[in-house]
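Worksheet: one structure, shown below.
The values are calculated or read from the model by the stated rules, or taken from the named source; none is laboratory data. Predicted model, so just to flag it, every value in this text is computed and none were measured. So basically every Cβ, Gly included, is an ideal-geometry build from the backbone, and we count neighbours across all protein chains shown.
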Amino acid sequence: MKAAVVHDFTAPLVIEDRPLPEPGPHQVRVRIEASGLCHTDIHAAHGDWPVQPSPPFVPGHEGVGIVEAAGDLVRHVRVGERVAIPWLADACGRCDQCVSGWETLCLRQHNSGYSVDGAYAQYALAHGDYVVPVPDGIDPMDAAPLSCAGVTTYKALKVSGARPGTRVLISGIGGLGHLALQYARICGAETIAVDVTDDKLALARDLGADHVIDARTQDVATEVQALGGAHAAIALAVSNTSFQAAYGALRRGGTLVLVALPAGGKLELPVFETVLNGTKVIGSIVGTREDLAEVFRLHALGRTRVIRETRRLEDVNACFDEVLSGKVSARLVFDLRG
């Protein structure tokens, strides 16, 4: 089978032939139809983060495809079913995090395309209990970005406290942000979109943002405070400066939700103002299997729209450059159906 493989953090990915993988007792083999490109894949391939993957490995945690084979102990899905392979490859299932609905915080978890091979390939193995069925009628090219960009921002909105009548700032209208904006609108919130490119600002307007701020020419904190301040700010732009601006835009009692993970990312907090204003700063990493099932249900109901462009897996290195240049409208998805 064809796969894109990281052999060295300082070298391009290599497209190579690998043996067709055979599933173990708890595993399924998925024929990949679509695989989304997440910025995390680039961080993985470059070894940017403190905990690094071990080359050689296959990136990809937005894989969608058809189950072609299943191990003897797989009960959750069946052969012929379309499923998603998300970031959470598996978890222990027994710790206090797992049993209390926070499986994404399990210390013994494995992650697709990071600690186990992912979906930048024609076929991928996955744990049968941790893949998530994709409802009929959802285009696999949409389902792929929803498996990470969708569920990540959906969870961030959940933990932010967004609800009807609140004011929510979305910092960064890209692959994640264009979906975060839609989830904020579904929550009934007044929405503020912030970006630094004309295309992304136009996209925010097209998706119905109530307010659009160009951070190149406007002071984000000043503009948002003039509206009354944000009850919640979802930090999705890969920039320390954007974190600081989002923090400054909060009203008293507001919540900053950190999602983006820039290499060497830092946020300096003024303790006095944070305490007096009752500000909350929390981290949010992806969502659970149930969160992803909810994301799929919302999309099946027509409540969300995925803005995406398709690419060939053979062009993976050029696609990384596209994302890093900021020229991508929202999400790139590798089409492996041919």
Notebook entry, point to check: Any idea how many residues of the stretch 311-338 are hydroxyl-bearing (Ser, Thr, Tyr) and surrounded by 13 or more Cβ atoms within 10 Å (Cβ to Cβ)?
Noted result: 1
Next item on the list: Considering (1) in contact with a strand residue (DSSP E or B) (Cβ under 9 Å, 6 or more places away or on another chain); (2) farther than 19 Å from Val74 by Cβ; (3) in contact (Cβ under 8 Å) with a residue 40 or more places away in the chain, say which one Asp117 fails and leave the rest.
Entry: (2)
Checklist line | helices (runs of 4 or more DSSP H) contained in the stretch 220-299 and holding at least 1 residues buried (at least 20 other Cβ atoms within 10 Å of the Cβ) and out of contact with any His (no Cβ under 8 Å at 6 or more places or on another chain) | finding: 220-226, 240-248
Checklist line | Residue count for the stretch 186-214, restricted to those that are without any contact (Cβ under 8 Å) to a residue 24 or more places away in the chain and either of a type in the set (Lys, Arg) or assigned to a helix (DSSP H, G or I) (or both) | finding: 4
Notebook entry, point to check: For Gly302, all conditions in the list (1) under 19 Å from the mean Cα position of the chain (by Cα); (2) outside the structural domain of Val159 (by TED's automatic domain parsing); (3) not in a helix (DSSP H, G or I) hold save one; what is the number of the exception?
Noted result: (1)
Item checked: Tabulated pairs, the stretch 295-307, first within 10 Å of Tyr154 (Cβ to Cβ), second among the hydrophobic types (A, V, I, L, M, F, W, C), C-beta under 6 angstrom, 6+ apart or interchain -> Val295/Leu146; Val295/Val151; Thr304/Leu298
Checklist line | Subset tally (residues that are closer than 23 Å to Gln27 by Cα, of a type outside the set (Asp, Glu) and in a loop (DSSP other than H, G, I, E, B)) for the stretch 114-168 | finding: 11
Next item on the list: May I ask you to say which residue of Ala70, Ala44 is of a type in the set (Gly, Ala, Ser), touching a residue at least 24 places away in the same chain (Cβ under 8 Å), in the same structural domain as Ser115 (by TED's automatic domain parsing) and within 25 Å of Leu105 (Cβ to Cβ)?
Entry: Ala44
Checklist line | Criterion (of a type outside the set (Lys, Arg), closer than 23 Å to Lys280 by Cα and touching a helix residue (DSSP H, G or I) at 6+ places or on another chain (Cβ under 9 Å)) met by exactly one of Ala226, Ala204, Ala209, Ala246 | finding: Ala246
Notebook entry, point to check: Got a sec? Which of Ser325, Ser284, Ser239 is within 16 Å of the chain's Cα centre (by Cα) and hydroxyl-bearing (Ser, Thr, Tyr)?
Noted result: Ser284
